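Since the structure comes first, as structure tokens, the remarks are kept for the end.
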Amino acid sequence: MPRQLSQTEIDAVFQKVNGIQNDSERLPVSFDFRRPDRIAKSQVRAIRILHESFVRNLASSLSAYLRSYLTVSLISVEQLSYGEFLDGMATPTCMVSLSLRPYDGSALIELSPSLVFPIIEIVLGGKGRTVSNLKREVTDIEQNLLETLFRIILNDLREAWKGVTLIDFKLQAVATEPQTLQILAPNEAVVAISIEIRIGEIYGTLNLAIPSINIKMIGTKFDQQWSLRKTEPTEEEQRRACNLIRNSEARLEARLRGSKLSVRELLELKAGDLLQLDHPLDKVLGCEINGTPKFRGRVVNSNQKKAFVIESIPET
């Protein structure tokens, strides 16, 4: 026989329907099926931290090589398709493909023309003047002059990645037209790192593209690196840190807090005037270390010198 629903059961059905309607009102999350190999945002943040260390080392290395003061700063770390990365390059430019041994695949590094020709001039003994509207390909001789520069860049890049994994970045091929280096399919995802280099009034960008598939292959090593950083220091590490700071200097001060004066009274002060401090003789003083209160005690005489007797150590 057909059973009649109770009022409680009817209310429960309506509540479920309302819940389904509320879920349908939530904004959908877009997913690009053309880029299934995109990496997690946590790994993108880790790569940013890694390359912040890289740009600091690169600034000192290039300054020593070019004998010029320069600044290097990280602009962005983002995920793009390889086609989008190439579309953002100038034409002509200076691009180099890199091997990623022991991993398969290749990366790409690009140095903007606004930096290439001034750097070549500095290497040849010039002043590295700003060259405007110079649009030509880099010659074979100029490519040979830039080889040392790229080796310095790759050495610092290798050192920066050493904390995560050993990657032997090696020069493979040089090109001047972006479309000639088809090391990846146009729709494959890459992690694009953009770095700005300034030499006086000259500035340009150094762009690096690493395939996302390679980043995913070493993703577990990123996780291991950050998990190791979160562990508690060992006793040996603590002793080493204590030994390093043991000979550090600290400023110790015991002060009597004085009374307040008006500017008129301050201007009228002269030699022989007696200033009365608002501090009773039987009241203990505070002793500060580098401006932080640490001890309580009194000022005494010791061998004809002022001294401070510690009477208590307040709890922090």
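Things worth noting here:
- Filtered residue count, region 158-210, keeping only those that are of a type in the set (Gly, Ala, Ser), within 14 Å of Ile109 (Cα to Cα) and surrounded by 15 or more Cβ atoms within 10 Å (Cβ to Cβ): 5
- Cross-chain or 6+ apart pairs with Cβ under 9 Å, region 60-80 first and in contact (Cβ under 8 Å) with a residue 60 or more places away in the chain, then among the acidic types (Asp, Glu) and part of a helix (DSSP H, G or I): Ser61/Asp156; Leu62/Asp156; Leu74/Glu52
- Residue in region 271-281 that is touching a Ser or Thr at 6+ places or on another chain (Cβ under 7 Å), among the hydrophobic types (A, V, I, L, M, F, W, C), over 10 Å from Ala254 (Cα atoms) and not in a strand (DSSP E or B) present: yes
- Looking across region 161-189, the residues that are in contact with a Leu (Cβ under 6 Å, 6 or more places away or on another chain) and closer than 14 Å to Leu208 by Cα come down to Phe169, Pro178.
- Here Ala160, Ala192 are screened, and the one residue that is part of a helix (DSSP H, G or I), among the small types (Gly, Ala, Ser) and modelled with pLDDT of 85 or more is Ala160.
- Residue, nearest to Glu315 (Cα to Cα), within region 248-304, restricted to residues that are acidic (Asp, Glu) and over 48 Å from the mean Cα position of the chain (by Cα): Asp282
- Meets criteria (in the same structural domain as Val77 (by TED's automatic domain parsing), in contact with a His (Cβ under 8 Å, 6 or more places away or on another chain) and among the aliphatic types (A, V, I, L, M)) for Ala175: no
The values are calculated or read from the model by the stated rules, or taken from the named source; none is laboratory data. Given the structure is predicted, the values throughout are model-derived calculations rather than measurements. Reconstructed Cβ throughout: ideal geometry from the backbone, glycine too, with neighbour counts over all protein chains shown.
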